[in-house]
Structures are given as C-alpha cells and as structure tokens.
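Q: Before I ask anything, here is the structure I am working with.
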Amino acid sequence: MAKEFFNPQNVDDYKTDKEDRLIIKDKDFGNRNIPLTITVVDSFSGISTIEWSIANDNKSGIISVASDGTIDTGGVSIGNTETESNLVTSIQFAITVDNNSNGNVVNVKLTDRSGNTSESTKTYSIDTTTPTIQASIGNSDPSGNYFDSNQTVNIVITERNFNASEVEVLLNGTKQTISNWNDDGFYVGQDGTTHSASFDISSDGDYTYEIRYIDRAGNEGNTVTASQFTIDQNPPTATITFDVGDDETDNVYYDSVRNATFTVTEHNYSTAAIKITKDGKDVSGNYDNWSPQDHMGDNHVQTIVLNESGYYQLSITVTDKAGNTFQTSSKKFYIDLAAPEAYITVDNVENGAPSNEDTITPFISISDAEGNLDVDSITLKITSVKMNDDLEIVPETQILTGLDEWKKSSIGSVEVDSDSNSNKITFNLNNLEDDGIYTFEVVASDLAGNAGGISQEDKDNGSRYKVSVNRLGSTYEIDSQITDIAPDLRYYKNNEKSPFSFTITEYNVNTLDPNETIVKMTCDGTVVDNNVTATEDTGNDKWSIYTYQFPSEVMTNSGKYIVKLYSIDAAGNENPLEVNGDDERATVTFFIDNIDPEVYFRDADDKTEFTNTDPYNTDSKRIEVEVYDNSQQEVREVVFELNGEELPFAHEEGTMLYTL
C-alpha cells in the first residue's frame, strides 16, 4: 500500500494538521518559495517509478528504481530511502514550489513493481507581492489641512489575495468598521487587483487616521498614516462691542470717545479684516488693521479707539482655515466730541460794561461744527433789572426755548443758514430802549448731548453777556414829607419837640465815581457844614442805590435851605439835582422856621402902637392888627380872643381891623 507525505520544510510558516501533515497557514498560502519534502512509501511490492509535477512552475520529473534497487533520481535531491532485499520501499525527495501564483498544483504518481499506481495532488499558493495601500480625502478642496464639509476617506488596497477582515483602520486611534469593499473584477486573482472602500467623517474636529493590512500570505502592506487634518463646517463668529452705549439702533449720537472691541471666536482662526467708515469714507488705513492683542483659547480680541468726531460704521470679516467666512457690522452711529458754539456780542459795548449809546442791539450766534445742532434745545434767557414809574427796581426774566419760539418772538429777528454744515443760527435783537441791567444767557446742545453756551462752571465764555443800558443817568427819590408839599409850602420846625430830617436816594444803573460826587446844602445862601451820612448798595446785576441822610442836627438855623447833588456814573452820565428842575423830585428847597410870628396892635386912625397900659377915653376904638413872621410867608391863621372869647375881625386892604 502506497502513501505520500507532503512536508513543507519551513515549520515557522506552517502548522501541523491532525494527520501529522504539515500545511501552510491560511489554506496553504505562502509569501516565499515553498520547499517540499515528499516521502513515497510502498512496503508491499516496492517502488518502481515516482512521477512528479508542479503545474504553474512548469516543472516535472521521474524517479526510477531498477530491479537491483538502483535509484535514478531524475535530477532531484534524494533523501532517506528504505529497502527490503532488492525492493526500495520508501523514497524521500525534495522539490520546491516557487511560482508566484495562486492554485499551483503539485502532483505525485507512484507506480509499484506490480504495476499498481497511486496518485496524490496538493495545491499551493505563493504570494510574494507586498500589498499597497492608498488613502485620500476627497469631498472638497482643502485649505491646507482644513476642510469646510463632511469628508470621505477613500481607501484602495492593491492585493491579489485580499482579506477584508485583515484591514485595520484607526481614526484618532479608534478602530473603524469598514464593510463596503468593492473588487476590481478585471484583475481579481492577479497581482494588481484593487479593493476599494470608504468611510465618512461628519463631525467637526481634528483628525488623523492610520490604515494597515496583512494579506493571507502574511505580507504586510505599507502603513498609511494621514497627517492631522481638520473638518470645520461652521463659520467663525465675531462681535463688535463698545465701552460706551449699546449697538441696537442706527444713528445714535455719542458725546465721548468710544472704544470698539472686536472679538472673534474661532478654533481654527486664520485671518480677519476690519473696515471702518467715517462720514462715508473708508478710513481703515488710519487704524492698525486686525492685529489681536489677546488670544484666549478660541477667542481673539482687538480694541481700537475712535477719538474723532464723525459718522461711523464698523465691520469685520473673518475667515477660518477651512475657508468659512463670517461678516458682521455695527450700527451706524455718530461721535460728536465738540459742543456747539454760542456767542453774544453787542456792538461797541464790552461784556459787562455800561453804555449810554442811543442804539444798543445784542447779536447772538450759534453754530455746531459737526452739523448736529439740536434746534429744539437752543435756549435764550434774558434777565432785565429796570425801574418802573414808582421807582421800584423790578427784575424780569424772559426765556425762549427752541428755534420755533425764537422765530415767533417779537424781540428780534432770526436767520438760519440752512446751507451751512454748521447749522448756524443768528438772532438779531431789537434795540434795548429802557435803562436797566440786561443779562443774556444762551445755551445750545447738539444731538449727542454736548452742551454749548452758558454753564455753571464757566460763566464767562462768550455765551453770557451783560450790558448796562444807562442813557438817563441817575434818578432821585426824595422823602415824601418834602415832595408831597408844594415848594412854597415846605416850612418845617426843627427843634427838640419836632425834629426834622429827611433822606434823598439816588438810583443809577451803574456805580458812581466817588471823586465826582457832590452833596451840598446851603441855608440862606450860606453853605452848611453838614454831616450828611451817605450809604451805598451796589453789586453785580443790580442797580446802584446811594442813600443820603440829612439829620436834624445840620438844620438848626431857621432859613431857606437848598440841597444840591451832582454825580458822574460809570456810563459817563452827569447827574445834577438842580433846585429849579421842572421835575418835583429834582427840587429840594424847603424852610426851617423855629421863630414864632410877632403881633403888633396899632391905632387904626393915627397908626400909633398900643401899649398894654395906655387907657382910652372913648366909646369905641378901631384897632389895626399886623402879624409878622421872619420867614416872610403868608400868615395862615389869626385868631382874636377877648377875655377868652373868639371875636370876628374885618379885612381892609390886607389889614386886619377890629373895633372895640
């Protein structure tokens, strides 16, 4: 009975089956030449011939045994042999399978001495070609290693004896299951056969992959390791914020510098460009273009300072490394750092100065350099301090708010320069006709809230103007006890029981020159060395009041008194108080009479003066009475009494007569 054993020699690449036959790993696949040791045994009638062949190698041979037991090897290497008498019962020989192909059939045929045959075949595959692995990413053109969409990794393995289960795909170190393998039907079973599959990556992130493969023959292909790449399907985000004010509506006005902060949030940040328009022009070149001062993780921050007045809009365009872009713009807004200008002038009159000019017309000018004047805010306040007919000093205030009120007012005319970017408004006031102290204050605001004109902190900036209109000079007020009596009846006693004193008050819009003020009193033409007390009440924004007090002590002598006053005020007016003035308030003439009238009795016939002791021997007597007073004033009242009884009397030619 014959038996053959196919024994591969390299036991490192093979395993032993249950019948003690050595076979190749993975169903007789090898990755190099396979040396075979074949043992043929026929212990009954002995071996006559052994025919062998290796189909794909195109090799064959015959081993012959002669009747005397001589062995013709046929060119192969003979190993151990066994004989019994002249029979060769066992021959061991070696051949090598070396064709790089699949399904290479090795056939061995034994013929024994009796003519019996036994044939055995074995198929071997040799695969010496190393697999090649190719992989690519291919859904979009990358921007470097960055992609802006889901990506598909395409795998192509060139391999004759492909086994999908041996493909190992790691994505960021995690094994992936690939099941969609396709073979190239034209080359299947041959070197150059390709096997393709793919897998998708749909989530944003940073990735790397590794692909390894070992074929059925144990050939290890090249390992494909991808450099890190990024899938970023989301655009960056960017914000523009400000330290002053929000950014919710267009055309908001701001009265201060604004710091604009650009914040870009992007993991795969690449570039950004800011654009700044001012008054419709691109002024980005005036600022450092995007150069973030701070990088905090995925946040990139830059702050710029907007410190000039203008009409602004800011924008930023951000592009990440995957090519995603994002653009955002701020609202349009105004920065107005300059307050409106407001000026008040009066021709030929300095601020705060008095004037006695015939024409005094204030002129008001308001303008805003940025063209943002709030015409509803312009306010003119006129405060006047004048004297009425009752010599009362009365303050009055008039306030005009808003351009409409200015236009409707009768105190002047308004002009608006509508063609000017400065929104210039002028107000020409009418002539100030009444004497008094006038204070003009103008306030104007722009739409950003900047206040121009008068302020609590600055009272002398051209928008507050004071002028004293003083054409008439001083006005004098004399005590009513004098002025209420006609000049020819101003007779007064001045003694301990009936002291007489009076006051003269001088009112003037301005102050008086103390070196030019004269107070003079005469009695019957003689200057009285008087002790007149003068007090003054002066100050800003008020009339000057000078009070001259004439005490009784300076009028002790009886006689005719005349008081003269003279002054020069700050406006240059001369202010005399004359005795013969037509205005009663300007006439201070009076009499002091401390001497009682004298009475003389005369004989009406012979004009001799009666004495208290002279007796008369007559039935009746006519008496002439003459009353004399040192003041030469008319006798107001004469009463005749006889023994306590009032008697009537007669007048003849101005003489009082009585008949006893």
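The values are calculated or read from the model by the stated rules, or taken from the named source; none is laboratory data. All values derive from a computational prediction rather than experimental measurement. Virtual Cβ from ideal backbone geometry, glycine too; neighbours counted across all protein chains shown. The accessibility values were calculated without ligands, DNA or RNA, using every heavy atom of the protein model including side chains. Shrake-Rupley method; radii C 1.70, N 1.55, O 1.52, S 1.80 Å.
Q: Name the residue that is farthest from residue 204 (Cα to Cα), counting only residues in the stretch 236-251 that are of a type in the set (Asp, Glu) and open to solvent by 50 Å² or more (accessible area, probe 1.4 Å). Let's see the steps before the verdict.
A: Of the residues in the stretch 236-251, the ones of a type in the set (Asp, Glu) are 243, 246-248, 250.
Now restrict to residues that are open to solvent by 50 Å² or more (accessible area, probe 1.4 Å): 243, 246, 248, 250.
On the way: 243: 34, 246: 34, 248: 33, 250: 37 Å.
By that ranking, first place goes to 250.
Q: Would you pick out the residues in the stretch 222-261 that are over 24 Å from residue 448 (Cα atoms), out of contact with any Asp or Glu (no Cβ under 6 Å at 6 or more places or on another chain) and in a strand (DSSP E or B)?
A: Those that are over 24 Å from residue 448 (Cα atoms), out of contact with any Asp or Glu (no Cβ under 6 Å at 6 or more places or on another chain) and in a strand (DSSP E or B): 224, 229, 237, 238, 239.
Q: Failed condition for residue 541, given (1) under 30 Å from residue 439 (Cβ atoms); (2) in contact (Cβ under 8 Å) with a residue 40 or more places away in the chain; (3) crowded, with 16+ Cβ neighbours inside 10 Å, with all others met?
A: The single condition residue 541 does not satisfy is (3).
Q: Taking residue 86, is it touching a residue at least 12 places away in the same chain (Cβ under 8 Å), touching a Ser or Thr at 6+ places or on another chain (Cβ under 6 Å) and open to solvent by 50 Å² or more (accessible area, probe 1.4 Å)? It would help to see each step written out before you state the result.
A: Working: touching a residue at least 12 places away in the same chain (Cβ under 8 Å): yes; touching a Ser or Thr at 6+ places or on another chain (Cβ under 6 Å): no; open to solvent by 50 Å² or more (accessible area, probe 1.4 Å): yes.
So residue 86 fails the test.
Q: Moving to a separate point now. Name the strands (runs of 3 or more DSSP E) wholly within the stretch 356-428 that hold at least 3 residues that are among the hydrophobic types (A, V, I, L, M, F, W, C) and either open to solvent by 30 Å² or more (accessible area, probe 1.4 Å) or out of contact with any His (no Cβ under 9 Å at 6 or more places or on another chain) (or both)? Let's see the steps before the verdict.
A: Numbers: elements: 362-367, 379-387, 393-401, 412-417.
So the answer is 362-367, 379-387, 393-401.
Q: Separate question: Take the residues in the stretch 585-640 that are polar (S, T, N, Q) and closer than 30 Å to residue 562 by Cα, then tell me which one is modelled with the lowest pLDDT. Talk me through it step by step, then tell me what you get.
A: From the stretch 585-640, those polar (S, T, N, Q) are 587, 589, 594, 608, 611-613, 617-618, 620, 630-633; that's our starting set.
Applying the additional criterion that residues be closer than 30 Å to residue 562 by Cα yields 587, 589, 594, 630-633.
On the way: 587: 55, 589: 85, 594: 84, 630: 67, 631: 62, 632: 59, 633: 59.
The selected residue is 587.
Q: Which of the residues spanning the stretch 333-355 are in a loop (DSSP other than H, G, I, E, B), among the hydrophobic types (A, V, I, L, M, F, W, C) and open to solvent by less than 30 Å² (accessible area, probe 1.4 Å)? Full working, then the answer.
A: First, the residues of the stretch 333-355 that are in a loop (DSSP other than H, G, I, E, B): 336-340, 347-348, 350-353.
Now narrow it down to the ones that are among the hydrophobic types (A, V, I, L, M, F, W, C): 337-339, 353.
Within the stretch 333-355, 353 is the sole residue that qualifies.
Q: Taking the stretch 560-584 as the region of interest, how many residues are assigned to a strand (DSSP E or B) and either open to solvent by less than 80 Å² (accessible area, probe 1.4 Å) or modelled with pLDDT under 85 (or both)?
A: Within the stretch 560-584, the first condition is being assigned to a strand (DSSP E or B), and the residues that meet it are 560-569, 574-577.
Filter once more, so that each one left must be either open to solvent by less than 80 Å² (accessible area, probe 1.4 Å) or modelled with pLDDT under 85 (or both): 561-563, 565-569, 575-577.
Summing the residues that are assigned to a strand (DSSP E or B) and either open to solvent by less than 80 Å² (accessible area, probe 1.4 Å) or modelled with pLDDT under 85 (or both) in the stretch 560-584 gives 11.
Q: Test residue 330 against the criterion of being crowded, with 18+ Cβ neighbours inside 10 Å, closer than 21 Å to residue 539 by Cβ and among the polar types (S, T, N, Q), and give yes or no.
A: No; evaluated as a whole, the condition is false for this residue.
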